[in-house]
1. Considering the Cα positions of the range 157-217, please state its Rg to one decimal place and its Dmax as a whole number of Å.
2. Roughly how many Å² is the accessible area per residue of the chain, as a whole number, for a 1.4 Å probe?
3. Expressed as a whole percentage, what fraction of the accessible surface of the range 288-371 belongs to carbon and sulfur atoms when a 1.4 Å probe is rolled over the protein heavy atoms?
4. Determine by what factor the alpha-carbon radius of gyration of the range 106-232 differs from 2.2 N^0.38 Å, reporting the quotient.
5. Using alpha carbons only, how many angstrom separate the centre of the range 341-358 from the centre of the range 46-91?
6. At q = 0.06, 0.11 Å⁻¹, what is the log10 ratio I(q)/I(0) for the chain, with the Debye formula run over Cα points and no solvent?
7. List the longest stretch of the chain that has no exposed loop site; here a site is one of the GluC sites (Glu not before Pro) assigned by DSSP to anything other than H, G, I, E or B, with at most 12 other Cβ within 10 Å.
8. Average projected area of the Cα convex hull of the range 228-286, in nm²?
Amino acid sequence: MVTRTYDNSHFDESTNGVVVMVEPYSQKEQIQQVVYRILDANLDRAREGLRIIEEWCRFGLNNAQLALECKRLRQEVAKWHTSELRAARDTPGDPGTELTHPQEEERASIKSVLQANFCRIEEALRVLEEYSKLYQPNMAKACKQMRYQVYTLESSLMGHQRHQLLWRSRLYLVTSPSESLLNNVEAALKGGLTLLQYRDKTADDSLRLEQARKLRQLCHIYGALFIVNDRVDVALAVDADGVHLGQQDMPINIARQLLGSQRLIGLSTTNKEEMQAAIAEGVDYIGVGPVYETPTKIGKAATGLEYVSYAAKNCSIPWFAIGGIDANNINDVIDAGAERVAVVRSLMQAEQPTLVTQYLLSQLNRIKPEL
Ligand SMILES: Cc1ncc(COP(=O)(O)OP(=O)(O)O)c(N)n1
Ligand SMILES: Cc1nc(C(=O)O)sc1CCOP(=O)(O)O
Ligand SMILES: [Mg+2]
């Protein structure tokens, strides 16, 4: 039976030139087909991932600039998706189509959808970069460039997401050491909390890291922002959304250099001068307090409601009234002009943190529900 020959190396002298049976493809061609299939599959993967991100930028964020950047990248990837590569596709013969990971079947939040798809695009571009070296070295160079452009897009989009959520957050839970730290925090997240700060002034670093990692994971599941108090190194180590600093902590410009422009930096302020300096230094939000004296921060004199009223009139960035605020006095703080508050004891010592979270949020949402 004669099928096909591709080169003279298949001529069999022992049979006097009678071709008995030849491989349908030479080994070189077979490898080439495999490379084409890999390129085709990963071009598809990168294009799909970019489309998923683009849809969020366009419909979720209404952000034309980010959507346009996705579209540009998608078209750039498409340019390399030639008919030659598409022709190598063999979906029925691909054992990978049945393989899914349980994590792919469920996503906890938009943030995880975006992160998973950025990973997918970046991986696909890395595969394309390596295999296209066997195909067209120009394509390898282009894929490398695109991968770096996707990293930049990821950083802008994730930074944008963080800032949006910060502006929308009205209640901020600052933790205190507790046996039921994770349970309390999860209960508050269930009540609608979107901003959490891990604060423990005495834990040793190994416990601090372990707790920070667990809290970050919880926040990730509930789509909330996770901030670390005082420690830029811990924030970076656990990939937190940002850090909260006080007037005596690391200077803002150094923290910014370490954290970059996409992570959040909050600063405590107790008077107008500190507020104006904080805004000038480019922090993302400030604490305004202590409104009332509080055993959680012994030795810091209360600023009273006047500073809250001043912040309401003069602060151009998100600010959180803090210090002694609870379900009984929150309306006084709101009446003085606060739209956002931060609490420790009210939630960390609550018997039902979910209900208290819901109550505090309901009071804060009475004013300007559109935030
Ligand atoms: C939201 C918020 N506001 C203020 C503080 C206090 O920060 P700081 O003055 O650095 O004091 P410590 O919390 O480090 O004791 C805060 N943590 N969060
Ligand atoms: C950690 C902290 N910082 C403050 C500041 O004004 O800078 S007040 C404060 C403690 C707030 O705790 P509670 O809600 O239990 O009163
Ligand atoms: Mg501090």
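The values are calculated or read from the model by the stated rules, or taken from the named source; none is laboratory data. Note that the coordinates shown come from a computational prediction; the quantities given were computed from them, not determined experimentally. Cβ placement follows ideal geometry from the backbone for every residue including glycine, while neighbour counts extend to all protein chains displayed. In case anyone asks, the SASA skips ligands and DNA or RNA and just uses the protein heavy atoms, side chains included. Shrake-Rupley method; radii C 1.70, N 1.55, O 1.52, S 1.80 Å.
1. 12.7, 36
2. Numbers: 19510 Å² over 371 residues.
Per-residue value: 53 Å².
3. Details: 2040 of 4090 Å².
C and S fraction of accessible area: 50 percent.
4. Details: Rg = 19.0 Å, N = 127, 2.2 N^0.38 = 13.9 Å.
Expressed relative to 2.2 N^0.38 Å, the Cα Rg reads 1.37.
5. Going from one Cα centre to the other spans 44 Å.
6. -0.34, -0.83
7. Free of exposed loop sites, the longest segment is 180-350.
8. On the way: hull surface 13.8 nm².
Averaged projected hull area, Cα only: 3.5 nm².
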